[in-house]
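Note sheet for the following structure.
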Amino acid sequence: MRIDLSGKTALVTGSSSGIGLAIATGLAAAGARVVLTGRDEARVSAAADRLRASGADASGIAVDLAAGADAVLEREPDVDILVNNLGIFEARPPLEITEAEWQRYFETNVLAGIRLTRHYLPGMMDRGWGRTQFIASDSAVVIPAEMIHYGMTKTALLGVSRGFAKAAAGSGVTVNTVIAGPTHTGGVEEFVYQLVPRDLPWDEAQRQFMRDHRPQSLIQRLIEPEEIANMVVYLSSSQASATTGGALRVDGGYVDAILP
């Protein structure tokens, strides 16, 4: 299957590293012009420079999308592909999560994506083509006891995505959620070491984490960011025109269910 996104502009939030950068890299490799976002200007610029060095058409915007999207909307009033990847997570005993933390997680992980979708979706519908995706997590359906505030936000994205897909019905625009399983990123490495002894070498720490905290995984390893990106690139393509309103799993078989 040859995916060609030439002539398309893709905005990927939270894309200065990790899954977001892998997604931006995959979309750029398929020919899309990509716009990266992140809060740290130096990291966003470095990520965009890395993509341009490989021949990609890439730019970056330093912005805190939890506080507002004006900087992005002014620079990029229209996009063809929107990937709402921005998300924060941290292990926290449930009864110690403060009201302010509940609100911060909802504003960052849910409202930021809603805000961008509300802006970009009408233009996609008017043009008769567009792709909007939300990056959720296995935590949306298997709420982790150590971070239910994070899991709650990812559950919310399933409803948000399905609802916006209905709003775009018959327009040629698709809206989907990608349910990512436990993925190997710098942030996840730090999270792993919150749950296993810090003096363990990484390979051993990863194995203990998967064995003790994610034993349902059928691949029995962390997923690489590029494996998530492969699904996002496909869903961004014309070949995925009949896939909308869905929650598609790239979770290594972690969610114990037959249906997606």
Exercise for the section: Report yes if some residue within the range 18-33 is surrounded by 23 or more Cβ atoms within 10 Å (Cβ to Cβ) and over 14 Å from the mean Cα position of the chain (by Cα); otherwise report no. Expected result: yes
Exercise for the section: Would you mind finding the one in R249, R214 that is buried (at least 18 other Cβ atoms within 10 Å of the Cβ) and closer than 30 Å to M125 by Cα? Expected result: R249
Practice task
Of the conditions (1) closer than 25 Å to E96 by Cβ; (2) within 20 Å of the chain's Cα centre (by Cα), V160 clears all except one; give me its number.
Solution key: (1)
Handout entry: Criterion: among the charged types (D, E, K, R), surrounded by 20 or more Cβ atoms within 10 Å (Cβ to Cβ) and within 18 Å of the chain's Cα centre (by Cα) - qualifying residue of D64, D80
Key = D80
Fill in the blank from the handout: With the first residue restricted to the range 83-107 and required to be closer than 30 Å to K8 by Cα, and the second required to be of a type in the set (G, A, S) and not in a helix (DSSP H, G or I), Cβ contacts under 6 Å at 6 or more apart or on different chains are N85/G14; L86/G14; E107/A66
Practice task
Hey, could you check the range 119-177 for residues that are in contact with a Phe, Trp or Tyr (Cβ under 7 Å, 6 or more places away or on another chain) and of a type in the set (G, A, S) and say which is farthest from G252 (Cα to Cα)?
Solution key: G172
Fill in the blank from the handout: In the range 178-212, anything within 18 Å of the chain's Cα centre (by Cα) and within 23 Å of V141 (Cα to Cα) is listed as V178, I179, A180, G181, P182, T183, H184, T185, G187, V188, E189, F191
Exercise for the section: Could you pull out the residue among R214, R249 that is among the basic types (K, R) and either under 27 Å from F164 (Cα atoms) or at pLDDT 95 or above (or both)? Expected result: R249
Practice task
Please find, within the range 85-121, the residue that is surrounded by the most Cβ atoms within 10 Å (Cβ to Cβ) out of those that are over 22 Å from T183 (Cα atoms) and among the aromatic types (F, W, Y).
Solution key: Y120
Exercise for the section: Sort through D40, D70, D4 and tell me the only one that's of a type in the set (D, E), without any contact (Cβ under 8 Å) to a residue 12 or more places away in the chain and surrounded by fewer than 19 Cβ atoms within 10 Å (Cβ to Cβ). Expected result: D70
Practice task
For the range 150-165, indicate whether the set of residues that are free of Cβ contacts under 8 Å to residues at least 24 places away in the same chain, touching a Ser or Thr at 6+ places or on another chain (Cβ under 6 Å) and surrounded by 21 or more Cβ atoms within 10 Å (Cβ to Cβ) is non-empty.
Solution key: yes
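The values are calculated or read from the model by the stated rules, or taken from the named source; none is laboratory data. Every value quoted in this text rests on a predicted model; they were computed, and no experiment measured them. Counting neighbours? That spans all protein chains shown, and the Cβs are built from the backbone with ideal geometry, glycine included.
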